[in-house]
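Encoded as structure tokens, the structure appears first; notes follow it.
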Amino acid sequence: MATRVRTRYAPSPTGHLHIGGARTALFSYLWARKFGGDFVVRIEDTDSERNMEQAAEKQMAALAWLGIEWDESVDREGDYGPYRSMERVDIYKRYVNQLVEQGDAYACYCTSAELEQDRERQLAAGIAPKYSKRCRHLTVEETKKLEAEGRTASIRFRVPEGESIVVDDLVRGQVSFESDGIGDFILVRPDGRPTYNFAVTVDDALMKISHVVRGEEHLSNTPRQIMIYRALGWETPRFAHAALILNPDGKKMSKRDEAIVQFIDQYRDLGYLPEALINFISLLGWSPEGEDELFSKEELIERFSLERVSKAPAVFDTGKLNYMNNYYIKQSPLERIVALALPFLEEKGKISLPLPAERQEWVTRVVALYQEQLDYVAQIPALTEMFFRAKAIYSAEAQEVLAEEQVPEVLRTLKEQIEGLHEALTADNVKVLLKQVQKETGHKGKKLFMPVRAAVTGEVHGPDLKETMSLLGKECVLERLQHCLDN
Ligand code: GLU
């Protein structure tokens, strides 16, 4: 590739980083890294009514957390700044003036009321609404008159007539649009703010973006942008429009949908791991060669290709995300998972931080029991409930097990064994005690272990019984056994 690969993610600061935005950022990032190019984060804040305080900072923090590092942005000036649209207003002015001088753009004095009337008239006549071109051919006198009325102008692009504009898309192939279906669109609003289509074109061109990767919802904007590139004599970048992401029920994923968690911050706050999200998001529309689906960021950089991004919508599958997150949790050092678990335990009032060393060690062992089964770390308080309460809560299955005939004898014998023990419970000595109970009562296997588990945990399934008893401690185990014997 002759030109340097430069990609960008260009969020409007109107909300948190969404799964769809994260995918755009990730695909752009991977493509740039693959070729040793640059990845730019540019803030498109021209839609000031919708801007949200701190949204840009929060989106960037979420990107950084995911491990999507940028080379140039508002906090990292490169050669092509500023990286915030509203700081580039003078630049847009220069190019809009050029377009007006060339005759490719013109001042439009229509009021919103006039535009609205046109629209209604067109709709009533069954025509797709587009600008009426009322101001396309104003004479100098007419212009003067309108200005004397105190009207301020927006600047519109003069869309050429009878042309086919072809978007040569890396994902979708050649997509053709008829210019006659596109009304003369606004480049600069009466207050001087550029529209998205104008700002994005000027910025992508001046920032030497080689590949514009974004969601399918922008495909229909692309012919407008291509017309601006042409009018300004600029080379168009390559475009790649990734298909929509659908909900598990096959509907378009919408930000208001509550069925799935939508924002990266929320995943972070639930104890998902960034490498799991990166891996999962990479597969929303991209398919690697071969069967493997588990990739580190480095592997993704090596394997990713825009040519293998699909035209067909991707379906968001929470089960798959959880499977991947569980995989990366299992791969992680225990200390990392414990560090993530502590705030959840504190929030639920199970512990208070900082922990004394001994308690830290105990919590570490408790978390270790569940590391293999966690889908995400926020599950920890619910899973470890029984360790943080005096009495167990007995499930229906546990009660059924505890009603079996041999149970009182098994529990009584175990209780005596534990009472005779002069040291703390450990996984090792519990093993010996249980052997002893087996010997004395003649009960073994399920008949022995199920009632013990049910009595001390309240459940019939759970992590390693010996380690569980050791962590509950002698006093707690004895009380729970006594409780079952009494009831
Ligand atoms: N600011 C636009 C958005 O958030 C960016 C679109 C583009 O990448 O061109 O959707």
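Sorted largest first, the spans of the alpha carbon positions of the chain along the three principal axes are 110, 49, 40 Å. Reported to the nearest whole Å, the Cα centre-to-centre distance from segment 92-115 to segment 138-171 is 5. Computed from the C-alpha gyration tensor, the three semi-axes of the ellipsoid equivalent to segment 343-487 are 27, 17, 13 Å, from longest to shortest. Can you give the % of DSSP beta bridges in the chain that are antiparallel, to the nearest 5? The antiparallel proportion sits near 55 percent.
Using only Cα coordinates, the Kirkwood hydrodynamic radius of segment 12-156 works out to 18.8 Å.
Spatially, segment 230-254 and segment 421-487 are offset by 59 Å when compared through their Cα centroids. With the convex hull of the Cα atoms taken as the outline of segment 367-453, the averaged projected area works out to 6.9 nm². Under a model in which nothing but the beta-carbon of Lys, Arg (+1) and Asp, Glu (-1) is charged, the chain shows a dipole of about 380 debye around its Cα centre. Each residue in 239, 157, 263 was given a count of other beta-carbon atoms within 10 angstrom of its own, and listing them fewest first yields 263, 239, 157. Spatially, segment 303-364 and segment 1-52 are offset by 26 Å when compared through their Cα centroids.
Evaluated at q = 0.12, 0.22 Å⁻¹, the base-10 log of the normalised Debye intensity for segment 404-487, with identical point scatterers placed on the Cα atoms, takes the values -0.28, -1.05. Ellipticity at 222 nm from helices only: DSSP H runs of n ≥ 4 in the chain, each -39500 (n - 2.57), divided by the residue count, give -14000 deg cm²/dmol. If r is the Cβ-Cβ distance from residue 412 to residue 390 and R0 is 30 Å, what FRET efficiency results, to the nearest 0.05? Efficiency, from the Cβ-Cβ distance: 0.90. Taking Cβ separations below 4.7 Å as the criterion for a possible disulfide partner, the isolated cysteines in the chain are 110, 476, 484.
Between residue 164 and residue 311, the simple spin-label model (points 7 angstrom out along Cα→Cβ) gives 1.6 nm.
Each reported figure results from applying straightforward, stated rules to the coordinates on display, with no laboratory input. Computed from a prediction, not measured in an experiment: that's the story for all the values here. Neighbour counts run over all protein chains shown; Cβ positions are idealised from the backbone, glycine included.
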